[in-house]
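Okay, structure first, notes after.
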Amino acid sequence: MLPLGDLLTTDGQLVEVIDPGLHNRNAGPDFFNAKMKIGGTLWVGNVEIHDRASDWYRHKHERDAAYNNVVLHVCGNIDTDEVLTADGRRLPQVQVTVPSQVSEHYEQLLHIDQYPPCYAIIPSLSPLMVHSWMSALQTERLEQKTQAIRQRVERCDGSWEAAYFATLARNFGFGINGDAFERWAASVPLSAVGHHRDDLFQVEAFFMGQAGLLELESVPERYRDGALTEGYFTRLRNEYLYLKHKFSLQPIDHHIWRFLRLRPQNFPHIRISQLAQLYFDRKASLSQIVDCQSVDQLLQALDTHATPYWQTHFLFGSESRRSEKRLSVASRRLIVINTVVPILFAYGRHRHDERLCDRAFDLLEEMQAEQNHITRMWQQCGLGVTTAGDSQALIQLKNEYCNRKDCLRCRFGYEYLKKGAPVTPR
């Protein structure tokens, strides 16, 4: 997109870029640890980029020691000859002129109201380019999730089993209560629960108690009398008090749970009850998930339902029409996508087992794409979205590129900057 030619500093020195370094998204210079030759001398340091050279002073970089390691100042317009660092060093500057057509296309991407802003270019993109970018985004999303799982493993003192349970629990929150479920899972000592695994009532007492849901204050006031009269709440609470004393347990604050605008089947009580049943049935272990070879086997392994009391309740003291409240196939598919696939990929990396990593990708290709506002918008643009791998790639694209207006690093954005496209209503 940019005109080819030698890069020269304002005083005529040839610049040869050996390594552009790492793009910095946070405060500080734009690129870290770049490697280049300036006038034949090898430099390793940071690079700062501005529209105008005078922006260096407008942003007060000359007073900021964080910019002392900058070795090159790249600008679209050199409107000041001298740029100094906080330690008094004069920086070499290079002017890189951006063609007006590219600038116009970039401004369009930044200011188009519709999402995605590059929609007009999508039908003209080659299938090979689209496929390669979607594959890269899919891998990038898995790598991102792998990092989160590794952090959970560290918090769990190296236990992959506990990290899997925390990941599974987080995704039982289905977004709204995800953080609360992960915090809850971290409070559940699986080694202690394991001593009582053959007793569903005790498992449920462990789980509900650690969630803070066996505090009377957690029951809405209008249902408290009913909860106490029925007796199940009191039995669970007494059992939990015994377990709490036995294992020195500390429950989380029940106020972290969110109920507003939740469908009753997504209430924390129901999801925790389903997890208790899954754990009791010995279906919540990493080893069992690793042994599953297909989507159907995974869906069967994750099949669970509410415990008996919750088949006629959504809250303590509030009766509902009898239903097993079984975890739906659609919900189980989401758990495969957001829990099983990332844990297989991360565990495969940990064990240097490429078969597990390949299975993670295969599962995404075998499953249908998620249906949400992101995938629907891209489909309206003419992009084929058929597999879960496609939908995961597009979620990554929106979160990490579109939302940040980072069109310069997006391959779709690159094509738009290079070719442009008529801005017409869809």
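Starting from the amide H of residue 314, placed 1.01 Å from N in the peptide plane, find each other amide H under 5 Å away whose residue is 5 or more places distant or on another chain.
For residue 314, the qualifying residues are 320.
Could you work out the per residue convex hull volume over the alpha carbons of the stretch 1-148, in cubic angstrom?
Normalising the Cα hull of the stretch 1-148 by residue number yields 172 Å³.
Pick from 286, 408, 109 the residue whose mean-square fluctuation is largest in a GNM of the chain, springs joining Cα atoms under 10 Å.
Ranking 286, 408, 109 by mean-square fluctuation puts 408 first.
Please compute the contact order of the chain in relative form: average sequence separation of alpha-carbon pairs under 8 Å and at least six residues apart, divided by the residue count, as a percent.
The value is 14 percent.
If the stretch 293-426 were replaced by its equivalent ellipsoid, with semi-axes equal to the square roots of 5 times the Cα gyration tensor eigenvalues, what would those be, largest first, whole Å?
36, 23, 13
At q = 0.08, 0.09, 0.11 Å⁻¹, work out log10 I(q)/I(0) for the stretch 58-213 with the Debye formula, treating every Cα as an identical point scatterer and leaving solvent out; two decimals please.
Each listed q maps to, in turn, -0.58, -0.69, -0.84.
What is the spin-label model distance, in nm, from residue 58 to residue 179 if the labels are put 7 Å beyond Cα along the C-beta direction?
The two pseudo-label positions are separated by 3.5 nm.
Which shape class, rounded, prolate or oblate, goes with the stretch 126-239 when its Cα gyration tensor gives a ≥ b ≥ c as root eigenvalues, a/c under 1.5 marks rounded, and past that a/b bigger than b/c marks prolate?
Prolate, because a/c is 1.5 or more and a/b exceeds b/c.
For the stretch 63-162, run through the GluC sites (Glu not before Pro) and keep only the ones in DSSP coil with at most 16 other Cβ atoms within 10 Å of their Cβ.
On the way: sites: 82, 104, 107, 140, 143, 154, 161; in loops: 82.
Counting only loop positions with at most 16 other Cβ atoms within 10 Å, the GluC sites (Glu not before Pro) in the stretch 63-162 are 82.
Taking 0.36 nm per residue of separation and subtracting the Cα-Cα distance, what length does fully extending residue 95 through residue 242 add?
Full extension from residue 95 to residue 242 adds 45.7 nm.
Return the ratio Rg/(2.2 N^0.38 Å) for the stretch 198-332, where Rg is computed over Cα atoms only.
So the stretch 198-332 has a normalised radius of gyration of 1.09.
So for the stretch 1-63, what are the equivalent ellipsoid semi-axes in whole Å, largest first, each being the square root of 5 times an eigenvalue of the Cα gyration tensor?
On the way: eigenvalues 86, 47, 32 Å².
Square roots of five times the eigenvalues give 21, 15, 13 Å.
How long are the semi-axes of the equivalent ellipsoid of the stretch 360-405, taking √(5λ) for every eigenvalue λ of the Cα gyration tensor, in whole Å from largest down?
So the equivalent ellipsoid measures 18, 13, 7 Å along its semi-axes.
Counting only protein heavy atoms and using a 1.4 Å probe, what share of the accessible area of the stretch 122-174 belongs to carbon plus sulfur, as a whole percent?
54
For the residue pair residue 148 and residue 113, what label-to-label distance in nm results when each label sits 7 Å from Cα along the Cα-to-beta-carbon direction?
Placing both labels 7 Å along Cα→Cβ, they lie 3.3 nm apart.
Tell me the trypsin sites (Lys or Arg not before Pro) within the stretch 56-143 that lie in a loop according to DSSP and have at most 15 other beta-carbon atoms within 10 Å.
Within the stretch 56-143, the qualifying trypsin sites (Lys or Arg not before Pro) (loop, at most 15 other Cβ atoms within 10 Å) are 60, 89.
Solvent-accessible area per residue for the chain at a 1.4 Å probe radius, Å²?
Normalised by residue count, the accessible surface of the chain is 50 Å².
In nanometres, what is the gap between the two model label sites at residue 255 and residue 229, each 7 Å from Cα along Cα-to-Cβ?
Label-label distance for residue 255 and residue 229, simple model: 3.0 nm.
Report, to one decimal in Å, the Kirkwood hydrodynamic radius for the stretch 334-394 based on all distinct Cα pairs.
Every distinct Cα pair counted, the radius reaches 12.1 Å.
Highest mean first, how do 337-348, 300-311, 215-226 rank when packing is the count of other Cβ atoms within 10 Å averaged over residues?
Result, highest mean first: 337-348, 300-311, 215-226.
With every protein chain in place, what's the accessible area of residue 38 (1.4 Å probe, Å², nearest 10)?
10
Rounded to a whole number of µm²/s, how large is the Stokes-Einstein D of the stretch 209-267 at 37 °C and 0.692 mPa s, given Rh as the Kirkwood radius over C-alpha pairs?
Once the numbers are plugged in, D ends up at 261 µm²/s.
Can you list residues from other chains, or at least 5 along the same chain, whose modelled amide H is less than 5 Å from the amide H of residue 70?
46
Hey, what's the per residue convex hull volume over the C-alpha atoms of the chain, in cubic angstrom?
198
The values are calculated or read from the model by the stated rules, or taken from the named source; none is laboratory data. Everything numeric in this text was worked out from a predicted model, so none of it was measured. A quick note on method: Cβ atoms are made from the backbone with ideal geometry, for glycine too, and the neighbour counts reach across all protein chains shown. Accessible surface areas use protein heavy atoms only, side chains included; no ligands, DNA or RNA. Shrake-Rupley method; radii C 1.70, N 1.55, O 1.52, S 1.80 Å.
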